[in-house]
Amino acid sequence: MTIVLDGRKARDAYRTKLALRVKALADQGTLPRLAIIQVGDNRESSIYIEQKKRFAASIGAAADHVRFAADASQDTIAAKIGELNRTPEVHGIILQLPLPEGLDRLVLMNLIDPNKDVDGLTDENQKLLDRGEPRFVPATAKGVMLLLDFYGIDVKGKPAAVFGRSRLVGYPIAQLLHIRGASSVSVIHSKTEDAALISRAADIVIVAMGKPELVDRSYIKDGAVVVDVGINSAAKNGKVVGDVRYADVAPITSAISPVPGGVGPMTVLSLFDNLILSAERFSR
Ligand code: NAD
């Protein structure tokens, strides 16, 4: 029988725990506060920010939306990041991507105090992840692991494959699988030949490419666990689909995450897990 890895159900269960941690902090006089910097008004970014604000409210944390016009200068944004770094009431700072052209994402990102970099994307925090000692795990990767944990799926000693190797998603997922003791982690990317052969050897397959329904059952071993991170909006008659052809693949898996309703809800949750972790560290 196939288990559906229901991200909404897992998120709701974890959310209760996060709310308790927020309450414990509030009892000590600390309100976990996230600053979300948005430059311009990219529509998808605005939707994601609203989701984050709603989630913050649902656990009693604070999320400030710091907005700049699309033509704001790099110096203006840099100054704001500096100010937020120095504000003790702020425990997390994120720069909502993408940024308008003309702004240097890497430079701005690296101005964020690594102790407040709850997206885990500054060079310093990436290096800690490389070393296997992450300070903040990027939210989507953490969300994948929390989803597996919720369903009691242990990757230890199992061969795993990850489709995609972006710094934001694929790479940190592969790194976490290593840290958690997968017996091997194959990273499949756009230049990989024989991807199906490689992924068919894996018991745990995590897919994060942004290629609508590319993975069919020819890529999957019978009984494997499949987590689909892909979000492809409007790929199929306006419907959001993942990178896995769900109806084809699901019957041969032992567990699979749907799109939507799989990893997506876990990502926002994980960002706030990082924020609360940060507030807990600062309050010590
Ligand atoms: P990206 O474009 O930065 O990276 C895509 C990766 O996929 C690259 O490493 C590339 O080499 C690999 N790839 C591309 N085509 C391939 C192919 N044919 N075979 C094998 N590998 C291939 O994208 P990203 O930011 O890593 O996001 C990946 C997907 O995850 C997107 O669909 C994105 O929308 C989704 N996403 C979901 C969440 C969530 O919360 N569920 C969060 C972030 C990203």
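Miscellaneous remarks
- Think of a 1.4 Å ball rolled over the protein heavy atoms: the chain then has 46 Å² of accessible area per residue.
- The phi torsions of segment 170-186, fed into the Karplus equation with coefficients 6.51, -1.76 and 1.60 and a -60° offset, translate into couplings of x, 4, x, 5, 4, 4, 5, 5, 4, 4, 7, x, 4, 5, 7, 10, 8 Hz, rounded to whole numbers, with Gly and Pro shown as x.
- Tyr171 accessible area, assembled protein chains, probe 1.4 Å, Å²: 60
- Dipole of the chain, positive direction: furthest Cα of Leu25, Leu176, Leu275, with charges on the beta-carbon: Leu25
- The chain - charge dipole about Cα centre, Lys and Arg +1 at Cβ, Asp and Glu -1, debye rounded to 20: 600
- Working from Cα pairs under 8 Å separated by at least six residues, relative contact order for segment 139-264 is 22 percent.
- Counting 0.36 nm for each residue step from Thr76 to Ala196 and taking away their Cα separation leaves a gain of 38.4 nm.
- Along its principal axes, segment 29-117 has C-alpha extents of 39, 28, 17 angstrom, given from the largest down.
- For the chain, calculated [θ]222 nm from helices alone, where every DSSP H run of n ≥ 4 adds -39500 (n - 2.57): -12500 deg cm²/dmol
- Of Lys17, Lys158, the residue with the largest accessible area leads and the full order is Lys17, Lys158 (1.4 Å probe).
- Karplus (6.51, -1.76, 1.60) ³J(HN,Hα), θ = phi - 60°, over segment 98-106, in Hz, Gly and Pro reported as x: x, 9, x, 4, x, 9, 8, 4, 5
- If you wrap the tightest convex hull around every Cα atom of the chain and split its volume per residue, you get 130 Å³.
- Evaluated at q = 0.13 Å⁻¹: base-10 log I(q)/I(0), Debye formula over Cα of segment 136-236: -0.41
- Rounded to whole Hz, the Karplus (6.51, -1.76, 1.60) HN-Hα couplings of segment 59-65, x for glycine and proline: 10, x, 8, 10, 9, 9, 9
- Based on every Cα atom in segment 1-58, Rg and the maximum pairwise Cα distance Dmax equal 15.3, 48 Å.
The values are calculated or read from the model by the stated rules, or taken from the named source; none is laboratory data. From a predicted model like this one, the values you see are computed outputs, not experimental measurements. Ideal geometry is used to build each Cβ from the backbone, glycine not excepted, and the neighbour counts take in all protein chains shown. Side chains are part of the model used for accessible areas, which takes the heavy atoms of the whole protein and leaves out ligands, DNA and RNA. Shrake-Rupley method; radii C 1.70, N 1.55, O 1.52, S 1.80 Å.
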